[in-house]
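Worksheet: the structure to be examined is printed underneath.
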Amino acid sequence: QVQLVESGGGLVQAGGSLRLSCAASGRAFSIYTVAWFRQPPGKEREFVTGINWADGITYEIDSVKGRFTISRDNAENTVYLQLNRLKPDDTGVYYCAATRLRVGSTWSEYMYWGQGTQVTVSS
């Protein structure tokens, strides 16, 4: 069993930065792949980026390449998402999710979810 808690969201102007954290409790967090999804207002939840537990390889959608960076600190049981050069289209609720599988872009592949943290980017 893994419990996930996100933090770090907020209101920021376009071009600004935020760092989101996903803190995990429960055992053996290091063997879980973790991903970030987001849900823009009125839209479906979408995959943003993820990091494999086994080899540390990361994946991200094209719209965030070069701007968002996922990283993990297994000693602290935390995964981070650095958001740089934010755009209004990045607005949404950001969720972290965990799975024993490799990174996938479908929400149903993830067993554990946090409650989400709101990111709002003003123009």
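At a glance:
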quantity	calculated
GluC sites (Glu not before Pro) within the stretch 1-46: DSSP coil, no more than 13 neighbouring Cβ in 10 Å	44
Radius 13 Å from Cβ of residue 31, net charge of other residues (Lys, Arg +1; Asp, Glu -1)	+3
Integer Hz, Karplus 6.51/-1.76/1.60 couplings in order for the stretch 106-123, x for Gly and Pro	9, 4, 5, 7, 10, 8, 10, 9, x, 8, x, 9, 7, 10, 10, 10, 8, 8
Under 12 Å, Cβ to Cβ, from residue 59 - net charge with Lys/Arg +1 and Asp/Glu -1	-1
The chain - percent of accessible surface contributed by carbon and sulfur, probe 1.4 Å	48 percent
Proximal charge balance of residue 43 [Cβ under 14 Å; K/R count +1, D/E count -1]	-2
Residue-wise HN-Hα coupling along the stretch 17-23, computed from phi with Karplus coefficients 6.51, -1.76, 1.60 (Hz; x: Gly, Pro)	9, 9, 10, 8, 10, 10, 8
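The values are calculated or read from the model by the stated rules, or taken from the named source; none is laboratory data. In this text the structure is predicted, and so the values were computed from the model without any measurement. Cβ atoms come from the backbone with ideal geometry, glycine included; neighbour counts cover every protein chain shown. The protein model used for the area step is the full one, side chains on, heavy atoms only, and it has no ligands, DNA or RNA in it. Shrake-Rupley method; radii C 1.70, N 1.55, O 1.52, S 1.80 Å.
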